[in-house]
Amino acid sequence: MTNEVGASKPSPTPKAHDAAGTLQVRGIIETTLSCTDLDAAERFYTKVLGFDVFAKEEGRHLFFRCGDAMLLLFNTEHTSTTATKVDGAPIPLHGTTGAAHVAFRAGEAEIDLWKRRLGEHGVDIESEVRWPEGGLSIYFRDPAGNCLEFITPVTWGLD
């Protein structure tokens, strides 16, 4: 691997194994972003990106289903300072500060449609990248300043 983006192919997915060599991480179920204005975030993710709210707690979080995974938006002013319990079991304090990044899967034919939809909602495209090994990405921001991306799976050698 090199540090130059696109200069070499990605390494195979690392696998965690138990002593018998059978245990492995099979995917990511949750991705989190931070925001303090959950109302603005809800408007953006539902009206612009078309997500349905899966769960929400006023002032604390918004959860969205995204394909076969979950996108969790936390108000870290709450989740990094206030403990929560589920059936008596504590949920560890968590949350980040500053802009984070998440990339959403899109087919190449969909990228232009997303560009148009984002433009219709006044969302600027920060960058459009055609990757050297194939694939396409567009980058934009949510109301909290998080860097969002639509990316074609071929960029990472995925189906």
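Brief remarks on what is shown
- The chain: C-alpha gyration tensor shape, a/c 1.5 cut-off, then a/b vs b/c: oblate
- Fewest neighbouring Cβ atoms within 10 Å first, the residues Asp112, Asp52 line up as Asp52, Asp112.
- Restricting the calculation to Cα atoms, segment 63-118 shows an Rg/Rh of 1.13 when the hydrodynamic-style radius is the Kirkwood one.
- Our coupling estimate for segment 26-34, obtained by passing each phi through the Karplus curve with A = 6.51, B = -1.76, C = 1.60 and θ = phi - 60°, is 10, x, 10, 9, 10, 10, 10, 10, 10 Hz, Gly and Pro reported as x.
- Rounded to the nearest 500, the 222 nm mean residue ellipticity of the chain from helices alone is -4000 deg cm²/dmol, with -39,500 (n - 2.57) taken per DSSP H run of at least 4 residues.
- The amide H of Thr32, built 1.01 Å from its N in the peptide plane, has Leu72 as neighbours under 5 Å, considering only residues 5 or more places off or on other chains.
- Amide H contacts of Phe104 (H built 1.01 Å from N, in plane; Pro and chain starts excluded): Glu149, Phe150, Ile151 sit under 5 Å, all sequence-distant by 5 or more or on other chains.
- For segment 135-152, Karplus couplings with θ = phi - 60° (6.51, -1.76, 1.60), whole Hz, Gly/Pro x: x, 9, 9, 10, 10, 7, 10, 8, x, 8, x, 5, 7, 10, 9, 9, 9, 7
- With both residues required to sit in the chain, DSSP beta bridges show an antiparallel share near 70%.
- For the chain, lysine pairs separated by 8 or more sequence positions, or belonging to different chains, with Cα-Cα distances below 29 Å total 5.
- Gyration tensor verdict on segment 27-115 (Cα atoms; rounded if a/c is under 1.5, prolate if a/b is larger than b/c, oblate otherwise): prolate
- With contacts taken as Cα pairs under 8 Å at a separation of at least 6 residues, the chain carries a relative contact order of 19 percent.
Here, each number is a calculation from the coordinates, and none is a lab measurement. Keep in mind it's a predicted model, so treat the numbers as computed, not measured. Note that we place each Cβ from the backbone using ideal geometry, even for glycine, and neighbour counts take in every protein chain shown.
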